[in-house]
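Inspection log for the structure reproduced underneath, given as structure tokens.
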Amino acid sequence: MSDLSFEQMLEESIKTIRTGEVVTGKVIDVKEDEIVLNIGCKSDGIITRHEYSNNSSLDLRTAVSVGDELEAKVIKVNDGEGQVALSYKRLAADRGNKRLEEAFENHEVLTAKVTQVLDGGLSVLVEEARVFIPASLVSDSYERDLTKYAGQEIEFVITEFNPRRRRIIGDRKQLMLARKAEMQKALFERIQVGDVVEGTVKNVTDFGAFIDLGGADGLLHISEMSWGRIENPKKVFHAGDQVTALIKDIKGEKIALSMKFSDANPWADAADKYAIGSIVCGRVARMTDFGAFVELEPGVDALLHVSQIAREHVEKPSDVLKIGQEIEAKVVDFNGEDKKISLSIKALLNAPERVQDPDVVDVDIDAVAASELN
């Protein structure tokens with residue numbers, strides 16, 4: 001027969017615990033900010049809201065219910081009120097750190113939700129273990145505003161693991177660069193000069209637009225945006241626009257694009273439309289000291305030499321004409337190979353008088369023979 005009293009035997013049957021130990025208990029009570037666990041000891045275990053989650057506004061009654069079993073880490077055997085202080089969050093973080101360590105050693109790609117957008121980068125949680133992704137490692141290009149990542153799930157790898165110093169660094173950039181390299185390789189394997197491709201406008205400059213073709217960017221130069229004249233690319237294209245373009249040239253990793261499709265070439269039938277002797281209408285597009293360039297249609301300009309503007313001497317085209325003015329003139333020379341057309345108003349001066357638009361240059365003097373101009 002044992003010499004121990006019933007109380008002594010009960011005392012020994014109740015397990016002893018130590019700080020840092022992991023225990024399993026059953027929820028016997030749950031409040032808005034506190035969970036009470038029966039952990040098989042003389043005292044109950046307490047998990048406060050702060051030790052359950054990083055969410056300071058979480059109502060614990062929505063997270064657990066009486067009767068649930070939970071594992072937790074002992075952080076104090078006696079919390080000052082005779083109860084055992086437990087942490088669910090720290091146990092999860094320990095397991096998260098273990099998970100991160102394995103991912104670090106195996107170069108594993110992880111996926112986690114962004115929980116905070118900080119001044120210097122992003123913070124994500126992997127099983128309650130925090131990972132910091134510096135702004136310079138968030139994307140393959142500089143991003144000033146990272147707020148768009150809030151709440152998003154992103155992929156990354158662990159490039160530095162030092163939990164003792166609370167330094168666990170993630171890198172999303174290298175994944176993006178690796179995938180971009182794969183896409184670039186695949187793109188260059190399938191495209192060739194003359195192909196028609198779809199792309200997205202990435203950014204626009206004064207000299208052209210860069211088009212994302214999925215793996216590489218192509219340059220759509222201002223001179224290749226239209227058969228007509230483009231004065232400012234930024235008024236025509238915007239980031240995010242979808243475009244269809246022709247691959248004009250490929251040199252190494254550089255792709256030149258064009259939107260001058262042959263079936264829309266205004267010079268294709270220009271020889272018939274603007275044959276020598278034809279009377280045409282056009283708009284003064286720009287002027288120099290030696291003459292005015294008249295747009296007959298988008299992509300087709302003709303030169304009206306200063307000597308062909310009027311019978312009398314004209315010092316400068318701007319003395320008689322203005323930008324945007326509609327004029328009527330006669331084609332006196334056509335060079336389809338060099339895409340040059342010469343006009344003359346003087347050649348119309350012998351024509352019968354006609355009713356003209358107020359903006360059309362009025363001619364009412366005898367015509368003189370038009371000279372052939374280059």
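The values are calculated or read from the model by the stated rules, or taken from the named source; none is laboratory data. Owing to the predicted nature of the structure, the values given are computational and were not obtained by experimental measurement. Using ideal geometry, Cβ is built from the backbone for each residue, glycine included, and neighbour counts are taken over all protein chains shown. Just the protein is used for accessible areas: all its heavy atoms, side chains included, with ligands, DNA and RNA removed. Shrake-Rupley method; radii C 1.70, N 1.55, O 1.52, S 1.80 Å.
When the square roots of the Cα gyration tensor eigenvalues are ordered a ≥ b ≥ c, the ratio a/c for segment 274-342 is 1.5 or more and a/b exceeds b/c, which makes its shape prolate. Report the residue, chosen from 195, 212, 263, that carries the largest GNM mean-square fluctuation when the chain is represented by alpha-carbon nodes joined by springs under 10 Å. The residue with the greatest mean-square fluctuation here is 263. What's the carbon and sulfur percent of segment 46-189's accessible surface, probe 1.4 angstrom, rounded to a whole number? Exposed carbon and sulfur together represent 45 percent of the surface. The 3J(HN,Hα) values that the Karplus relation (6.51, -1.76, 1.60; θ = phi - 60°) gives for segment 159-168 are, in residue order, 9, 8, 10, 9, x, 5, 8, 6, 10, 10 Hz. Gly and Pro appear as x.
Toward the positive end of the charge dipole of segment 167-246, with +1 on the Cβ of Lys and Arg and -1 on the Cβ of Asp and Glu, the farthest Cα among 196, 209, 221 is that of 209. Taking 4 °C and 1.567 mPa s as conditions, segment 91-187 diffuses translationally at an estimated 94 µm²/s according to Stokes-Einstein applied to its Kirkwood radius (Cα pairs).
Residues with beta-carbon under 9 Å from that of residue 279, excluding residue 279: net charge, scoring Lys, Arg +1 and Asp, Glu -1?
Computed value for this residue: 0.
A compact globular protein would have a Cα radius of gyration near 2.2 N^0.38 Å; the ratio found for segment 98-145 is 1.21. For segment 231-241, 3J(HN,Hα) computed residue by residue from phi via the Karplus equation (6.51, -1.76, 1.60; θ = phi - 60°) reads 7, 9, x, 5, 8, 10, 10, 9, 4, x, 5 Hz, glycine and proline entered as x.
Computed 3J(HN,Hα) for segment 73-84, one whole-Hz value per residue from the Karplus formula 6.51 cos²θ - 1.76 cosθ + 1.60 where θ = phi - 60°, is 9, 6, 10, 8, 5, 9, 7, x, 10, x, 10, 8, glycine and proline marked x. For the chain, the solvent-accessible area works out to 59 Å² per residue, with a probe of 1.4 Å and every protein chain left in place. For the chain, a Gaussian network of Cα nodes joined below 10 Å ranks 202, 31, 113 by mean-square fluctuation, and the top entry is 31. Normalising the average separation of contacting C-alpha pairs (under 8 angstrom, six or more residues apart) by the number of residues puts the relative contact order of the chain at 8 percent.
When the chain is treated as a Gaussian network with alpha carbon springs shorter than 10 Å, the biggest mean-square fluctuation among 109, 300, 66 belongs to 66. Under 20 Å of direct C-alpha separation, and excluding same-chain neighbours fewer than eight residues apart, residue 31 reaches these lysines: 73, 89.
Per the Cα gyration tensor, the chain maps to an equivalent ellipsoid with semi-axes of 84, 21, 14 Å, ordered largest to smallest.
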